[in-house]
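To start, the structure itself, in structure tokens.
Nothing in this text is a laboratory measurement; each read-out follows from the coordinates by a stated rule. For clarity, every value in this text was computed on a predicted model and none was experimentally measured. Cβ sites come from the backbone with ideal geometry, for glycine too, and all protein chains shown count toward neighbours.
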Amino acid sequence: MSSVYRAIIQRRTIRRFKQKKIPRSLLKKLVNAGRLAPSAANLQPLEFLVIDKKELRERLFPYLNWAGYISPLGNPPVGKRPTAYILILINKKKENPLFTPYDVGASAENIILTAWELGIGTCWVKSLDREKISALINLPKNLILDSVLALGYRDEMPRLEVWRNSVKYWKDKAGCLHVPKRRLSDVLHINSLSSSIL
């Protein structure tokens, strides 16, 4: 099995992190993976802000919303919070708004999979207080904050569950997160949409 496919099938969203610093060299590697993602019309409108300074991380944390289905149980507690963040920014002078969401998705997934292969967990946060974060980082007017990737060495391993008519994830009594996913047979069709093939 290729390492890329292995990372894809093993990857889970992580919200509990060891308090071990991620080397800057690896954070740069993650941004480079994001930079090299496909870009519609090759416009390359994305920029990235790495935050690894403790004081700034602590000021950013309250502006992020975590695991809506199980909040506040999904919130990383003190001592398990991210040790770095990558903020995905959109340069309005370079973007085509019709294409930009695809660029963001491709870039974020490149970062997420590269991180997983390096033993680094991620949580892609789109529910956040953009106004307060933009003020915190003195975001120039030509840049828009799209989303935040929370990063840290994994201190949990959520379990994949078979989807049973609900997308809601849950925590068991031991604190393990269970995440339902649709079966391959529910989503794969070949040559006809009249029935699944598996």
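Arranged by the count of other C-beta atoms within 10 angstrom, fewest first, what order do Thr83, Thr114 take?
Ordered from fewest to most neighbouring Cβ atoms within 10 Å, Thr83, Thr114 come out as Thr83, Thr114.
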### Message
Under 10 Å, Cα contacts only: if you run a Gaussian network model on the chain, which one of Ser71, Ser39, Ser107 comes out with the highest mean-square fluctuation?
### Response
Ser71
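Given a cut-off of under 8 Å on Cα pairs at least six residues apart, what relative contact order in percent is computed for the range 158-198? Intermediate values should be presented prior to the final figure.
On the way: 55 pairs, mean separation 13.8, N = 41.
Relative contact order for the range 158-198 comes out at 34 percent.
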### Message
I need the phi-derived Karplus couplings for the range 51-65: 6.51 cos²θ - 1.76 cosθ + 1.60, θ = phi - 60°, integer Hz, Gly and Pro marked x.
### Response
10, 10, 6, 4, 4, 5, 4, 5, 6, 6, 3, x, 8, 10, 9
### Inter-probe distance in nm under a simple model that places probes 7 Å from Cα toward Cβ, at Cys176 and Leu98
4.8 nm
### Task
Only Lys, Arg, Asp and Glu count, each charged at its Cβ (+1, +1, -1, -1), so figure out the dipole size of the range 158-198 about its Cα centre, rounded to 20 debye.
180 debye
### Query
From the backbone phi of the range 123-138, what are the Karplus-calculated ³J(HN,Hα) couplings (6.51 cos²θ - 1.76 cosθ + 1.60, θ = phi - 60°) in whole Hz, Gly and Pro given as x?
9, 7, 9, 10, 8, 7, 8, 4, 5, 6, 5, 4, 5, 4, 9, 6
### Query
Once both labels are modelled 7 Å past Cα along the beta-carbon direction, what's the Leu43-Val167 spacing in nm?
2.6 nm
### Message
Taking the Cα centre as origin and putting +1 on Lys and Arg beta-carbons and -1 on Asp and Glu beta-carbons, what dipole magnitude results for the chain, to the nearest 20 debye?
### Response
560 debye
### Message
Test of understanding: in a Gaussian network model of the chain with alpha carbons linked when under 10 Å, which of Ile137, Ile111, Ile90 would top the mean-square fluctuation ranking?
### Response
Ile137
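Return Trp163, Trp124 ranked ascending by Cβ neighbour count within 10 Å, so the fewest neighbours appear first.
Trp163, Trp124
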### Summary
Each label sits 7 Å from Cα toward the beta-carbon; between Asn142 and Asp186 the label points are separated, in nm, by 4.6 nm
#### Entry: Selection from Ser134, Gln10, Pro72, by position along the positive dipole direction of the chain (Cβ)
Pro72
### Summary
Within the set Lys173, Lys92, Lys132, GNM on the chain using Cα springs under 10 Å gives the largest fluctuation to Lys173
### Query
Got the relative contact order for the chain handy, in percent, Cα pairs under 8 Å and 6 or more residues apart?
28 percent
### Summary
For the range 2-101 the mean separation of alpha carbon contacts under 8 Å (6+ apart) over residue count, i.e. relative contact order in percent, is 42 percent
